[in-house]
Amino acid sequence: MIAEAVGGWLTNSLALLADAGHMLTDVAALTLTLGAIWFASRPATSRKTYGYYRLEILAAFVNGIALVLLSIWIIYEALERWQSPPEVKALQLTLIAAGGLLVNIIAAFLLHSDHKHDLNMRGAFLHVIGDLLGSVAAIAAGILILAFGWLWADALGSVLISVIIIFGAWRLILESVNVLLEGTPSHINLDAVETAIMETDGVGGVHDLHVWTISSGMEALSAHISHDDSIVHSELLVSIRQKLHDRFGIDHLTIQMETLDLEAEAVYVCETGTKCFEPALNSKSQSQTSKAG
């Protein structure tokens, strides 16, 4: 980062300064990533029953926002330079960018293994890939300036790489927001989950079905499942758990088992923004309640 910042200043290259700026955000992003991973490993408490897993998602969200803002700034600077391209020391620019490319290739290799399954790691990986592509753009700009004297190539390379980074960062932001809003994971079809449960022998109905993400790679499910009186709760529950694990990889389950006769008693009808109403108990239940009283 320091080498590219100094080199960009001396060679008057926006592409190098842009790459150094990306590396500056990488220092913050990787620190945020490591801090979130460390903090997320802390055990759950009575006040944080899920622990601190969501900090990784928050880190991914912040990284995505930082990438977009930095890329927009680089595009603005590039457009300013496009109108009157300054002189650029192309040979020094190319050599320094080549050194940056080597460092970024090593960093990308180190982060590659986990980035597909962890939003936090993906944010860090995107930062490094952005720097890697920035180094490529800077090298290409240096070569074009050396070969043809195209001073505008420096600004063009900065714009192209910033657009690519924004595209990847925007997807990261959307996925992070979906997790924070308890949205259904993109790789899980809720209708398919409901169908799989309904196809289980003994299941009579499913309602209040929810699937959400606690943190990357950790999906949770809650549902009310009704069955007839002849079914043994524990056996049906084992069958459903195994099916959800095998088909969807969901292991964190909260399932309320209900008999078909008493299913309506567990449903509350709510008006938006107001209070909830519980349906009246059927005559059989009222009799049982009266005796119990």
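What about His227, is it touching a Leu at 6+ places or on another chain (Cβ under 7 Å) and over 30 Å from Gly123 (Cα atoms)? Judged against the criteria, His227 is a match.
Whether a residue is within 21 Å of Trp9 (Cβ to Cβ), surrounded by fewer than 19 Cβ atoms within 10 Å (Cβ to Cβ) and aromatic (Phe, Trp, Tyr) was assessed, and Trp152 passes this test. The residue that is surrounded by the fewest Cβ atoms within 10 Å (Cβ to Cβ), counting only those in the stretch 191-215 that are out of contact with any Phe, Trp or Tyr (no Cβ under 7 Å at 6 or more places or on another chain) and assigned to a helix (DSSP H, G or I), is Asp191.
Test Leu172 against the stated conditions and say whether it is touching a residue at least 40 places away in the same chain (Cβ under 8 Å) and either within 30 Å of Ile74 (Cβ to Cβ) or surrounded by fewer than 16 Cβ atoms within 10 Å (Cβ to Cβ) (or both). Explain how you work it out, then say what you get.
On the way: touching a residue at least 40 places away in the same chain (Cβ under 8 Å): yes; either within 30 Å of Ile74 (Cβ to Cβ) or surrounded by fewer than 16 Cβ atoms within 10 Å (Cβ to Cβ) (or both): yes.
Yes.
Can you name the number of the only condition in (1) touching an Asp or Glu at 6+ places or on another chain (Cβ under 7 Å); (2) at pLDDT below 80 that Gly100 fails? It fails just one condition, (2). Assessment of the stretch 89-107 against the conditions (crowded, with 19+ Cβ neighbours inside 10 Å, out of contact with any Leu (no Cβ under 6 Å at 6 or more places or on another chain) and over 20 Å from Trp9 (Cα atoms)) yields at least one matching residue. Inclusion of Ile129 among residues that are in contact with a helix residue (DSSP H, G or I) (Cβ under 7 Å, 6 or more places away or on another chain) and under 28 Å from Phe39 (Cα atoms) is warranted. Of all residues in the stretch 60-81, those that are more than 16 Å from Ala124 (Cβ to Cβ) have Cβ atoms under 7 Å from Cβ atoms of residues that are polar (S, T, N, Q), 6 or more apart or on another chain, in Ser71/Ser162; Ile74/Ser158; Ile74/Ser162; Ile75/Ser162; Ala78/Ser158. Among the residues of the stretch 216-241, write down those that are farther than 16 Å from Met198 by Cβ and either modelled with pLDDT of 85 or more or part of a helix (DSSP H, G or I) (or both). Passing the criteria: Glu219, Ala220, Ser222, His233, Ser234, Glu235, Val238. Answer yes or no as to whether Arg247 is among the basic types (Lys, Arg), closer than 18 Å to Thr184 by Cβ and not assigned by TED's automatic domain parsing to the domain that holds Tyr50. Yes: the conditions hold for Arg247.
Inspect all residues belonging to the stretch 30-48 and state whether any of them is in contact (Cβ under 8 Å) with a residue 24 or more places away in the chain and more than 23 Å from Ala169 (Cα to Cα). Checking the stretch 30-48: not a single residue is in contact (Cβ under 8 Å) with a residue 24 or more places away in the chain and more than 23 Å from Ala169 (Cα to Cα).
Could you say whether any residue in the stretch 209-224 is closer than 30 Å to Glu77 by Cα, in contact with a helix residue (DSSP H, G or I) (Cβ under 8 Å, 6 or more places away or on another chain) and of a type in the set (Gly, Ala, Ser)?
The initial filter retains those residues of the stretch 209-224 that are closer than 30 Å to Glu77 by Cα, namely none.
Within the stretch 209-224, not a single residue is closer than 30 Å to Glu77 by Cα, in contact with a helix residue (DSSP H, G or I) (Cβ under 8 Å, 6 or more places away or on another chain) and of a type in the set (Gly, Ala, Ser).
In the condition set (1) under 30 Å from Glu4 (Cα atoms); (2) of a type outside the set (Lys, Arg); (3) in a helix (DSSP H, G or I), Val177 is compliant with all but (1). In the condition set (1) at pLDDT 75 or above; (2) not in a strand (DSSP E or B), Glu265 is compliant with all but (1).
For (1) modelled with pLDDT under 75; (2) farther than 27 Å from Leu146 by Cβ; (3) of a type in the set (A, V, I, L, M); (4) out of contact with any Ser or Thr (no Cβ under 6 Å at 6 or more places or on another chain), each residue gets a yes or a no:
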| position | (1), (2), (3), (4) |
| --- | --- |
| Ile2 | no, no, yes, yes |
| Leu10 | no, no, yes, yes |
| Ala15 | yes, no, yes, no |
| Leu30 | yes, yes, yes, yes |
| Arg47 | no, yes, no, yes |
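The values are calculated or read from the model by the stated rules, or taken from the named source; none is laboratory data. Nothing here was measured: the structure is a model prediction, and the numbers come from that model. Virtual Cβ from ideal backbone geometry, glycine too; neighbours counted across all protein chains shown.
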